[in-house]
Structure formats: C-alpha cells, structure tokens
Amino acid sequence: MAKTPELKVVFDTNVLFTQVASDLIRSSLGTLIEENSDHADLKIEWHLPAVVVGERKYQMLERAKELLPSLQKMERLLGHSFAISEDTLELHVQKAIDGSINKYDLKVAELEVEEVDWRQIIQKSIFRQSPFEPGDKEKGFRDAVIAHTFLQLHSVSPKTPSICRLVLVSEDARLREYVSEESDGSANVRILSSLDELESLINTLVSSIPEDLAKDLADKAANLFFEKDNEKSLYYKEAIRDQIRSEHGEALKKSPLEGLAKEGKTWWIAPPIFMKKVKSKINWTSMVEPEFDLYHMEDDAKTAADSLSEIFSSQSKGGSPRMAGLGSLLTAKKVVDHTGRDLFEVHWSAVLSQAGNLTKPKIEKINYLGNDLAE
C-alpha cells in the first residue's frame with residue numbers, strides 16, 4: 001500500500017495573531033486545522049517555531065495586562081478578590097498556550113542553533129538584506145530564526161513532492177523572499193501569504209485536480225465571480241449585495257459592541273477559494289466583507305468654548321447676544337473607536353468545460369460568519 005503523502009505547515013506569528021488574550025491562534029486558523037486534520041489521503045502536521053510561540057506569549061501577556069485595571073475595578077465593585085495579578089498572569093497565559101497546543105495537536109519546532117550560519121545572518125543584518133527590513137533600525141532577527149527553523153525542518157524531511165510537501169505561511173514579504181532564496185530548487189516547498197492560499201492548496205491536494213490547473217482555474221474563477229463594473233460577473237448578475245442585505249440585514253445593522261453605533265463603508269471581495277470537484281462541477285467560496293466603523297458621539301468642547309466666547313464678546317460690546325451661536329453648543333463630533341468587517345461566505349459553483357473554462361456559475365448559499373474587529 002502506498003504511503004499517505006504528508007503536508008508539513010509552518011506558521012509565522014502574523015498568521016496566528018489575535019487581539020484575544022486567551023487564544024494562542026485566531027479562530028479562523030483553529031477552524032481550518034479542525035476541518036483538515038483527518039483527511040484519508042493526506043496527513044497534515046501543523047508546526048509552530050518555538051520563537052513564534054514565545055512571541056505570541058509576549059503579545060498575550062501584554063494584552064492581559066491591559067485588562068487588569070478592569071478586573072481590579074470589578075473586584076472593588078463585588079468586594080471579592082480574584083487573586084489575579086501581573087505575577088500570576090504568566091502562569092495563566094502559559095496554561096492557555098499549552099491548552100491550544102494540545103487541542104490542535106500543534107508541534108513546536110525548536111531551532112538547532114549550532115547548525116545556523118550566524119556569520120551570514122550578521123552580514124545580512126548589517127546590510128539590511130532579507131529577511132531584515134531596510135531602514136535605520138534593524139528589524140528581522142525573529143524572522144531569521146523562523147526561516148531557519150523552517151529550513152531545518154525541510155532538511156530532515158523527504159524531498160519528493162508526492163511523498164512530502166512543506167509550506168511556510170507568512171504575511172511578511174521579506175521573510176517569504178528569504179526562504180524562497182534559501183530553498184531555491186526544492187520542488188516540495190511552497191511559500192504562501194495567507195490562510196486562504198493554504199486552504200486552497202489543501203483542497204487541491206485532496207482533490208483530483210492537478211495543482212497547476214487549480215491555480216489557473218482560481219484566476220478564471222476570480223473574474224467569473226467579480227470583475228469591477230462587469231454586469232455579467234456573478235456578483236452583479238445575482239445581486240449578491242442585495243441578497244446579503246435581504247438575508248442578513250440584522251447582522252449588517254447590529255453593532256458588535258454595546259454602546260457604539262455602526263456605520264457601513266466599503267464592501268471588499270476576496271479571491272475565491274477552491275473547495276472541491278465533483279465530476280465536472282467545481283465548488284468555490286468567496287468572502288464578501290462589508291467594512292464598518294464603530295463610533296460614539298461626544299461634545300466638541302472646543303466648538304462650545306468658541307461659541308460662548310463669541311456670545312459674551314457680543315454682549316460686552318453692547319450688542320445683543322447672538323442666540324444663533326447657542327446652537328453650536330450642542331455640536332457633537334463622531335469619534336471612531338474601532339473598524340471592522342462583517343464576514344460573509346458565498347458558496348458557489350461552476351462547470352468545468354472540456355476546453356478548461358468555467359461555465360454556468362451558480363450561487364449555492366450565503367453564510368454569515370460573524371465579524372472581524374480591529375483595535
């Protein structure tokens with residue numbers, strides 16, 4: 001029996017990042033791991049470089065410290081101590097990290113420091129060569145450690161793509177450039193910039209579509225689903241924006257944070273993700289993400305002060321008060337507290353013709369996945 005092919009995935013910190021202090025990885029990555037950990041025809045290993053775990057621990061501790069004042073206020077209100085302080089935070093954060101590692105079966109990859117050519121790293125740092133960032137301040141040491149952790153994992157893995165593939169997922173262009181240079185010629189290495197690209201790759205590997213064809217079809221699917229001002233593209237033809245407003249109007253209106261108003265902005269559309277192929281039918285998902293602001297109104301103190309000054313100045317000169325100026329005392333300005341996006345997953349399909357084209361596009365369903373808030 002042929003050995004099940006392997007896929008080893010290594011994540012950079014920016015792919016894991018979440019504002020939630022209790023979570024090692026963002027929820028979308030957790031979902032992707034859970035949905036792709038039991039393929040019969042592909043064994044997937046999820047790797048975190050030790051330096052990435054350390055960096056996330058630092059980020060989680062800093063976020064947890066920001067929450068301490070609110071907890072202390074709650075203690076005073078209830079007259080009860082929760083026994084949480086900066087001294088105990090690290091213990092709780094480490095417990096959360098260990099819990100996530102066990103839940104998702106993550107493998108922590110340690111760097112064998114004695115095998116790294118540190119002279120080369122120092123030279124690249126001095127001259128700001130990738131993975132280091134150009135500029136007055138040196139930035140890129142952690143990226144260099146992540147890169148060599150990945151390269152060491154590659155060095156001890158099978159080199160035949162049909163047996164084993166290795167993937168680095170990072171949003172950092174300099175890190176991707178460096179790993180690409182250092183692994184040049186390795187047919188089993190893929191360097192990706194997003195979880196969407198990773199999901200497409202996994203779906204391709206467990207389908208009957210060759211990887212090169214899937215990439216070509218993804219480009220065609222992108223234009224088929226949405227092309228700006230092209231009324232024949234599926235987004236316009238099926239009035240997807242109107243469908244979302246009709247089916248999920250309450251989600252679009254509702255503010256995710258109590259006490260803050262919500263205002264819609266630009267609608268963003270992500271490239272389609274290949275899902276599966278059944279005979280000649282290919283299923284895709286496209287993310288439609290309406291952007292929004294969360295805001296509150298507050299009095300414009302400067303406007304009010306200026307208005308009062310103008311009113312009393314008029315009186316001191318013997319004139320009657322300028323009552324019209326009183327209206328500006330009530331002026332309030334909008335203060336944006338957060339930006340975010342509502343996340344809608346549009347499931348659609350198309351038929352693959354013998355000529356290799358996608359035809360007969362059709363909307364299957366539209367799901368609301370919640371929202372993504374930025375600080």
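If the condition is being over 24 Å from Lys43 (Cα atoms), in contact with a Ser or Thr (Cβ under 9 Å, 6 or more places away or on another chain) and part of a loop (DSSP other than H, G, I, E, B), then region 8-21 contributes Thr18, Val20. Looking at Glu211, is it at negative phi, over 23 Å from the mean Cα position of the chain (by Cα) and crowded, with 17+ Cβ neighbours inside 10 Å? No: the conditions fail for Glu211.
Across region 35-49, the qualifying residues are those that are of a type in the set (A, V, I, L, M, F, W, C) and part of a loop (DSSP other than H, G, I, E, B), and the one among them that is modelled with the highest pLDDT is Leu42.
At least 2 residues that are over 26 Å from Asp38 (Cα atoms) and touching a Gly at 6+ places or on another chain (Cβ under 9 Å) in each: list the helices (runs of 4 or more DSSP H) lying fully within region 190-274 that qualify.
The helices (runs of 4 or more DSSP H) meeting that bar are 211-225, 249-253.
In summary, Ser194 fulfils each of the numbered conditions (1) more than 11 Å from Asp12 (Cα to Cα); (2) polar (S, T, N, Q); (3) under 23 Å from the mean Cα position of the chain (by Cα) with the single exception of condition (1). In the set (1) outside any strand (DSSP E or B); (2) at pLDDT 90 or above; (3) hydroxyl-bearing (Ser, Thr, Tyr), the condition left unmet by Ser286 is number (1). Under 7 Å by Cβ, and 6 or more places apart or on different chains, what pairs join a residue from region 246-267 that is in the same structural domain as His296 (by TED's automatic domain parsing) and in contact (Cβ under 8 Å) with a residue 12 or more places away in the chain with one that is surrounded by 15 or more Cβ atoms within 10 Å (Cβ to Cβ) and among the polar types (S, T, N, Q)? From region 246-267, the pairs are Pro256/Asn371; Ala261/Ser255; Lys262/Ser255.
Restricting to region 118-166, and then to whatever is among the hydroxyl-bearing types (Ser, Thr, Tyr) and not in a helix (DSSP H, G or I), can you tell me which residue is nearest to Glu177 (Cα to Cα)? Among them, the one singled out is Ser130. Figure legend. Inter-residue proximity from region 1-26: first residues assigned by TED's automatic domain parsing to the domain that holds Lys103, second residues of a type in the set (D, E, K, R) and modelled with pLDDT under 80, beta-carbon distance below 7 Å, spacing 6+ or different chains. Indicated pairs: Thr4/Asp41; Gln19/Glu375.
Within region 86-111, track down each residue that is among the aliphatic types (A, V, I, L, M) and more than 22 Å from the chain's Cα centre (by Cα).
Of everything in region 86-111, those that are among the aliphatic types (A, V, I, L, M) and more than 22 Å from the chain's Cα centre (by Cα) turn out to be Leu89, Leu91, Ala109, Leu111.
Taken over region 344-375, residues that are part of a strand (DSSP E or B) and either modelled with pLDDT of 95 or more or under 22 Å from Lys220 (Cβ atoms) (or both) amount to 20. The lone criterion from (1) in the same structural domain as Ala50 (by TED's automatic domain parsing); (2) touching a residue at least 12 places away in the same chain (Cβ under 8 Å); (3) in a helix (DSSP H, G or I) left unmet by Glu171 is number (3).
The values are calculated or read from the model by the stated rules, or taken from the named source; none is laboratory data. Since the model is a prediction, treat every value here as computed from it, not as a measurement. Methodologically, a virtual Cβ is constructed for each residue, glycine included, from the backbone with ideal geometry; neighbour enumeration extends over all protein chains shown.
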